[in-house]
Amino acid sequence: MEATQIAIPGDESHRTNGVSKDHSVAWKDERRETHSTKYHHDQEEESDTLDSYPVINQLSKSLSNIPSTFMDYRKRLKHDDLSMLPPDRVDPRPRRTSSGSRPDRSPSATRMEQALADAKASTKENLVNCYRKLLENLGEDVTRQGLLKTPERAASAMLFFTKGYEEKLSDVVNGALFDDRNDGMVIVKDIEMFSLCEHHMVPFFGKVSIGYLPDQKVIGISKLARIVEIYSRRLQVQERLTKEIALALTEAIHPTGVGVVIEATHMCMVMRGVQKIQSKTITSTMLGEFRDNPKSRQEFLALVRSH
Ligand SMILES: [Zn+2]
């Protein structure tokens with residue numbers, strides 16, 4: 001399976017084939033603008049490392065314990081395998097109730113749920129502490145009334161923004177596949193998408209359009225939106241998100257062709273830029289028939305673009 005990105009004609013300044021290139025160019029330009037206004041730095045030359053930003057550097061150090069705890073918890077959720085749990089929490093022996101019948105939920109499953117709940121609670125607690133440190137490092141008074149519950153709220157929000165780590169394709173797809181002899185193209189346009197750019201941890205958001213050519217199987221339409229949720233509710237880059245959605249759909253229903261187009265606004269560009277407010281980044285992935293057959297691709301793109 002090979003993913004290809006194609007150029008979409010349109011506003012050439014933003015809708016280029018190399019989206020990441022476009023992105024980085026915009027960043028470089030903005031950095032120069034920042035230099036010229038000298039809001040933050042006096043030096044003309046500075047490296048691209050975080051060392052140039054003492055506050056952010058300090059912040060990233062105080063946040064450095066997030067990934068292990070956070071990801072341990074998320075990774076644990078990804079596996080049904082009990083071996084992922086701490087040994088003292090695993091109880092492989094099936095128990096019976098006093099009446100001799102099997103309980104609805106096995107003790108080991110209950111223990112696993114408890115272990116996950118514990119892991120989630122401790123992750124959340126770590127995040128709350130990190131956000132409190134973050135506020136302090138920004139020079140804020142964390143005891144003032146407006147901020148008292150902010151670390152807690154921010155931690156909850158971040159867990160929600162990244163809840164895609166806790167979801168599996170199989171959970172979404174199970175029971176939502178249907179036989180279909182019709183081999184017409186299926187297109188769902190403008191699925192809303194909210195994600196976090198992994199370079200700045202600020203939002204990028206926009207619309208996802210998905211098309212596929214079924215091979216005997218179709219998937220419930222609402223499930224396409226669920227698939228978008230799985231992969232967008234994580235730290236992402238738009239190019240990878242596009243590809244992952246296309247590959248997930250391929251894995252789920254083995255269609256003869258898949259096309260995914262995402263049009264998004266990146267707040268890391270918009271908020272820093274001076275005249276970047278209207279900038280949109282468009283990415284696409286075409287697989288199978290959509291990649292190999294220009295007619296299918298054109299039909300898909302024409303339908304996606306029509307309003
Ligand atoms: Zn970014």
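Every read-out reported here was derived from the displayed coordinates using simple, explicitly stated rules and does not represent laboratory data. Please read all numbers here as calculations on a predicted model, not as lab measurements.
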statement: As a percent rounded to 5, the proportion of antiparallel DSSP bridges among beta bridges in region 139-289 is 95
field: Normalised per residue, the volume of the convex hull around the Cα set of region 148-214 (Å³)
entry: 122
HN-Hα J in Hz across region 116-130 - Karplus 6.51, -1.76, 1.60, θ = phi - 60°, x for Gly and Pro: 5, 4, 4, 4, 5, 4, 6, 4, 4, 4, 4, 5, 4, 4, 5
- prompt: HN-Hα J couplings of region 165-180 from phi, Karplus 6.51/-1.76/1.60, θ = phi - 60°, integer Hz, Gly and Pro as x?
  reply: 5, 9, 10, 10, 4, 4, 5, 6, 7, 3, x, 10, 9, 10, 6, 8
query: Can you list residues whose amide H is under 5 Å from Arg233's amide H, if they're 5+ apart or on another chain and H is modeled 1.01 Å from N?
result: Gly164
